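Below is one structure, written out as structure tokens; the observations come after it.
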Amino acid sequence: LGKKTAQQLVALLESQNGWTRMTAQRLLVERQNSSAVKPLTSLVRNSKLPLARMHALYTLAGLNALTPAVLTAAVNDDHPDVRRHAIRLSEPWLDQSADLFTAVAAHSNDSSPTVRFQLAFSFVESTRPAALAAPVRLLRPKPIYLDLQSSVVTSSCGRALPSPHA
């Protein structure tokens with residue numbers, strides 16, 4: 001794999017073989033080749049494989065090439081694991097991009113408990129006033145998962161939370 005071009009390595013992120021995907025990702029990040037950014041961005045938006053979309057997101061992060069636009073697309077992905085990882089990777093931009101914050105906050109009622117769990121921890125990274133009330137909205141859907149309730153309380157440590165019944 002060491003002789004592959006950046007485009008060839010990006011294509012290998014869609015491999016069914018985990019070692020191949022991880023090695024291709026490692027090589028892309030080690031090389032810091034900016035020619036990989038465009039095909040990686042395309043992979044985030046167009047790959048049929050959720051694992052490939054996640055690898056592309058993390059590879060873009062390793063290249064310092066993630067953007068709010070790419071993250072917004074990934075936050076709205078069909079697959080809950082892609083959404084969850086995109087939300088985690090969005091944390092540094094939550095205060096900088098209103099569109100990205102809105103896209104992330106829209107998942108307070110996400111059908112996936114793991115996405116809502118990640119939201120509880122990611123909202124604490126924002127100083128936006130809406131981020132303070134957002135974790136409380138995570139507790140409204142039924143059933144309330146104890147892990148989710150614990151994550152909201154833990155991530156809100158040191159911050160005053162409004163009543164979940166408000």
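Report the FRET efficiency, 1/(1 + (r/R0)^6), for GLU30 and ARG88, where r is their Cβ-Cβ distance and R0 is 25 Å, rounded to 0.05. Calculated transfer efficiency: 0.65.
The share of accessible area on region 1-111 that comes from carbon and sulfur is 52 percent, using a 1.4 angstrom probe.
A 1.4 Å probe run over region 69-121, with the rest of the protein chains in place, finds 42 Å² accessible per residue. So what is the diffusion coefficient of region 1-62 in µm² per second by Stokes-Einstein at 4 °C and 1.567 mPa s, using a Kirkwood Rh over Cα pairs? Taking Rh from Cα pairs, D becomes 118 µm²/s. If you sort TRP19, TRP93 by accessible surface, 1.4 Å probe, largest first, the order is TRP19, TRP93. In the assembled protein chains, GLU125 presents an accessible area of approximately 100 Å² (probe radius 1.4 Å). Where a ≥ b ≥ c are the square roots of the eigenvalues of the C-alpha gyration tensor, would you call region 38-108 rounded, which needs a/c under 1.5, or, failing that, prolate if a/b is larger than b/c, or oblate? Oblate shape, in that a/c is at least 1.5 and b/c is the bigger or equal ratio.
Largest accessible area first, the listed residues LEU49, LEU63, LEU57 line up as LEU49, LEU63, LEU57 when surface is computed with a 1.4 Å probe on the assembled protein chains.
The values are calculated or read from the model by the stated rules, or taken from the named source; none is laboratory data. Just so we're clear, the structure is a prediction, and the values are computed from it rather than from any experiment. For neighbour counting, all protein chains shown are included, and Cβ atoms are generated from backbone atoms with ideal geometry for every residue, glycine included. For accessibility, only protein heavy atoms count, side chains too; no ligands or nucleic acids. Shrake-Rupley method; radii C 1.70, N 1.55, O 1.52, S 1.80 Å.
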